[in-house]
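All of the numbers you see were taken from the coordinates with simple rules; none came from a lab. Note that this is a predicted model, so its numbers are computed, not measured. With ideal geometry, Cβ positions are generated from the backbone for all residues, glycine too; neighbour counts draw on all protein chains shown.
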């Protein structure tokens, strides 16, 4: 999906930029040019970046960290709480 219409930047480009180390809006602006024109895309770009960070934390967290963070395992989400 297009996030920045002015510069034709998609959410996939933001995700890729994050994988390559762009972990702030400033870094995204420098790497892709996101939010450097009219700025209307900044909230959406920030949301994509936040999802990237959450996904990164979720994929590297240990199960005990996930549990203490309030994340639900597939079994507890289905109501099979031990």
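Overview of results
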| read-out | value |
| --- | --- |
| Residues 9, 57, 15, sorted so that the one with the fewest Cβ neighbours within 10 Å comes first | 57, 15, 9 |
| Residue order, fewest to most surrounding Cβ atoms within 10 angstrom, among 59, 24 | 59, 24 |
| Alpha-carbon spread of the range 1-57, three principal axes, descending order, Å | 31, 19, 15 |
